[in-house]
Each structure stands twice: as structure tokens, then as C-alpha cells.
Amino acid sequence: MVDIKRVLVALFRRPAAVSGWTEFWFGREDASDVLRPVRIGMAALCAVYFLSHWGDAAWWFAGDGVLGRETLGRFLIESEVGTAMTARVSPLHWVGSAMLVRVYLVLGAVLALAWPWVSWGRAVGVAVWLMLIGLANRAVLITGLEELLLVWGAGYLAIAPGVGRGHWSGSFALRLIQVHLTLLIAAIGWTMLSRPAWWDGTGVMSLVAPVEDRFVDWVSVLGASTWMQEVLTLGIVAGGILGPLVLWVGVARRWGWVIMIGWAVVLGTLSSQLIFFGGMAVLLLAFRDRWGLGTEAV
């Protein structure tokens, strides 16, 4: 079997900079151990995501449901967006029974919960990843931000081996998560600067409205305190812009990932995007040093 790491090293074996590049992507021997809590947290979120569709399975996906096969097909044809949906493959496109949909959801949740604990974790991880994609593709028109994060997070984790195995694929999966998450946080932070509300201290109010779509009426809480609005707005913007730097810079990383987890929790609480920002908090654990707050290089 071809050893991809050796091939890459052979192809790019020249200056020390290239050696450092391959070491960065493939040289973290403890990557599987670092990723263990990430996999546990992501598995729990995937299970919650599957089961969140349980109650409304008949309403949305049954033969006569709002997104039933015939109804969805007719809508795609009439709206002329059918060609854009050809890549959204899902076994649930051929299922018209609410019971079978619920079997799919239960199977996905069970596999997700078993994923961190089985010795053949890669196979289970790939199965969970494919089932996530299948459900997201079937739930088109009602999907949100959480599907995007769960799919790429679970996909990267499926690359890594089980705990205690120092394989290059674990290091590769760790770096993919770290780099992708850094870019995502930076995109959130810098995008905020394009809106005047994030400059005048009222940006946090856009997260808590409309009230009817939130678990808690934060408008009444924050609306009475201008200074709280400004502090939260400043903290959210600062976290999005400075966080990607703090996570990678030496000693600052010692507490940086803890602060950024708090940043994600605050955003998830205020916006009620619990799975999306909860998943971000879980993936931020990829920046920790085992279970401690050591200062060795990332």
C-alpha cells in the first residue's frame, strides 16, 4: 500500500522549509489523543442533529409531507433550480415512509454515539459522515449553518485513527480542523466590520432579534443596558479578529482556546445557533495540548 507521507516527503525533499511544512501536516504524533475529546463532542452533536428531526419526520419527509418526494420534485422543476440539486445525493430521496426516515435517524444517532468508542472508528466515522450528508441533502430548504460545520468536522475526524495510534493521518486531520476553523473564525470576525452596527456598538442586538426565533428574549435584557451592548459587541468583534492569531501564537495559545470557546458559547447562546457554535466550541478543543494548557508548539 502506498505511504502517502513518504511520497510527499520524497516529492518535496529539498530545503528545511519544506521539511517543516511536511512536519507541520504529518508530524504530530499525539494527534489522535488530542482529537479524542473533539470526536466525543462532535459525535454527541451529530446524534443530537439526527434526533432533532425525529418529531417532524412525518411533517417534512413523508409521502404527503411538506418536502415529500413528489412535492419537492415538483417544486424543483417549477422553480428551475433542479439542475443545481443534482449533486445533492441522498438515499432518503427514495424514501416516502416516515417510519423508514426515523429508522435512518436512529441508526445515524446510534452510530454517532458509538463512534468514539469502537476500535474500527474510521469505518464508523465515514458512515456517520455519509449519513449526515444524506440527511442534509434530503432536508434541503430547511437546512442551516449547523449542517455545514457538522459535515466538514465529522469528515476531517473520520480521517484520523483511534486513540493511541500515532499515524500521519491523525496529524493531517488535526491540522485540517485547526486551519479550517481558524479561517472560519476570521471570516466571521472580518465580515462583521462590513456592517455599521458592529462599529457603533449595537451589533449584538442583531444576534438576539427577532425574538420569536430565540430560546430566550435577550432583547429585553440587552435593550435596557447600552454599556452591555457595547461590551458584548466589542468582545465578539475582537474575538473574531484576534482569535485566529491568539490560537497560533506561542504562550497566548495557553488560554486562547479557552477564551475562544467562551466566545463561541456566547454567540451560540445569543443567536440560538446552538449546534453551529457548539460545534465550533468542540472543534476548538483541537488547539489544546492533551488535557492541559501546555505551551509546546502547536
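Every read-out reported here was derived from the displayed coordinates using simple, explicitly stated rules and does not represent laboratory data. Computed from a predicted model, the values in this text were never measured in an experiment. Note: ideal-geometry Cβ built from the backbone for every residue, glycine included; neighbour counts use all protein chains shown.
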Cα gyration tensor of the stretch 143-185 diagonalised, 5x eigenvalues square-rooted, in angstrom largest first, produces semi-axes 22, 12, 6
Phi-derived 3J(HN,Hα) across the stretch 173-188 with the Karplus relation (6.51, -1.76, 1.60, θ = phi - 60°), rounded Hz, x for Gly and Pro, is 4, 4, 5, 4, 5, 4, 5, 4, 5, 4, 5, 5, 5, 4, 4, 5
Mean separation of Cα pairs under 8 Å and 6+ residues apart, divided by the residue count of the stretch 166-298: what relative contact order is that in percent? 27
Check each of the chymotrypsin sites (Phe, Trp or Tyr not before Pro) in the stretch 90-180 and keep only those in coil by DSSP with at most 10 other C-beta atoms within 10 angstrom; list them in order. 120
Residue separation between residue 194 and residue 114 times 0.36 nm, minus their alpha-carbon distance, gives in nm 24.5 nm
With 0.36 nm assigned to each residue of separation and the Cα-Cα distance removed, residue 221 to residue 126 gains 29.9 nm
Grab the Cα-Cα distance for residue 180 and residue 231, subtract it from 0.36 nm times how many residues apart they are, and report the gain in nm with one decimal. 15.6 nm
How large is ³J(HN,Hα) for each residue in the stretch 90-105, as worked out from phi by the Karplus curve 6.51 cos²θ - 1.76 cosθ + 1.60 (θ = phi - 60°), to whole Hz, x for Gly and Pro? 7, x, 6, 5, 9, 10, x, 9, 4, 5, 5, 4, 5, 4, 4, 5
